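The values are calculated or read from the model by the stated rules, or taken from the named source; none is laboratory data. The shown structure was predicted, so the numbers you read here are calculated from the model rather than taken from an experiment. Cβ sites come from the backbone with ideal geometry, for glycine too, and all protein chains shown count toward neighbours.
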Amino acid sequence: MQIESNFVIKSSFHNKPIVTDIIFNADKINKPIVIFCHGYKGFKDWGSWDLAAKIFAKANHFFVKFNFSYNGGTLENPIDFSDLEAFGENNLTTELNDLEDVIDWIMTNEKYKKEVDTTNITLIGHSRGGGIVTIKASENKNISKVISWNGVSDYGNRFPKGKELEAWKKAGISYVLNGRTKQQMPHKYQFYKDFEVNEERLTIKTAIENLNKPQLIIAGTSDQVVKPFEAENMHSWNPKSELFIVDEMNHTLGSKHPWNDDSLPTHLKKAVQISIDFIAK
């Protein structure tokens, strides 16, 4: 198994690096490509994502995972959030642009052309990343299939309303405590402005209704962050989609950070296998 970690894909939209990993069997056989997008307060090396990537690679996929450029990590420290200023400047459009750059990179990369099947690209997103991959799959003709793991169904409903929104606008910034790192994570008001200006593009329901490719939705009954009704909503918008509700699975699919076990948590292992089977159809 070949693993290449922490290399940079250059953005065509800004100067921040997109720090990337690839995991694959170097056998010069064209393999389905899987591109994974982390969620809010996430990163490519969180929890057991590395182990999941290896399972996909063992199943003969070319697996790509990356940090969104403004997720708060850096090239020197891609784990956790050493650049909170960047975190505060992130928005959904920037994440869609980063994903576009990653797709373009794998589509045009001569180094791996004998290892990848660029006609077979699946996007997988966790949590907020589930919305990002769904929107991107609806607008990029090169994407073959899309999968969300506990993915959100609506960005607009997650913003504060009324006086809370006005206070955020007036201050220009708000903060959320990261319970694990104890950092105060900044959210600049530009995040909401970006959504407001691009609301039509960033409406997941519209993306799903326009989706003309296979869609897999995996959710957990014990997810208190993105509750199962969001998955059910997405399935109702695309009755051709496949919906799996996993009993007792929480938002992180049973994983945590750091993950010190050599095997996947039970629920993530199940989600990975369901995803591999879906890609193979």
Given the options PHE7, PHE43, PHE13, name the one that is buried (at least 19 other Cβ atoms within 10 Å of the Cβ) and either more than 23 Å from LYS114 (Cα to Cα) or without any contact (Cβ under 8 Å) to a residue 24 or more places away in the chain (or both).
PHE43
Hey, can you tell me all the residues within the range 55-98 that are of a type in the set (D, E, K, R), under 17 Å from the mean Cα position of the chain (by Cα) and at pLDDT 95 or above?
LYS65, GLU95, ASP98
Listing of helices (runs of 4 or more DSSP H) fully contained in the range 80-139 that carry 1 or more residues being under 30 Å from GLN184 (Cβ atoms) and acidic (Asp, Glu)
84-89, 92-108
Evaluate the following for LYS111: is it at pLDDT 95 or above, touching a Ser or Thr at 6+ places or on another chain (Cβ under 8 Å) and closer than 30 Å to PHE62 by Cα?
no
Would you mind stating whether THR20 is part of a loop (DSSP other than H, G, I, E, B) and of a type in the set (Ser, Thr, Tyr)?
no
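Looking at the range 143-183, which of the residues that are touching a residue at least 60 places away in the same chain (Cβ under 8 Å), part of a strand (DSSP E or B) and under 24 Å from the mean Cα position of the chain (by Cα) is nearest to ILE279 (Cα to Cα)?
LYS145
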Restricting attention to the range 161-173, does a residue exist that is of a type in the set (Asp, Glu) and either under 22 Å from GLU230 (Cα atoms) or touching a Gly at 6+ places or on another chain (Cβ under 8 Å) (or both)?
no
Looking for whichever is under 20 Å from ALA137 (Cβ atoms) and of a type in the set (A, V, I, L, M, F, W, C) here; the options are PHE66, PHE43, PHE7, PHE24. Which one fits?
PHE66
Please note which helices (runs of 4 or more DSSP H) are completely contained in the range 195-281 and include at least 2 residues that are in contact with a helix residue (DSSP H, G or I) (Cβ under 8 Å, 6 or more places away or on another chain) and farther than 22 Å from PHE36 by Cβ.
204-209, 228-237
Go through (1) over 11 Å from ASN150 (Cβ atoms); (2) in contact (Cβ under 8 Å) with a residue 40 or more places away in the chain; (3) surrounded by fewer than 17 Cβ atoms within 10 Å (Cβ to Cβ) one by one and return the number of the condition VAL225 breaks.
(1)
Can you name the residue in the range 16-29 that is crowded, with 16+ Cβ neighbours inside 10 Å and within 13 Å of VAL116 (Cβ to Cβ) and is also nearest to the chain's Cα centre (by Cα) among such residues?
ILE22
Return the total of residues in the range 64-79 being more than 21 Å from LYS256 (Cβ to Cβ) and assigned to a strand (DSSP E or B).
2
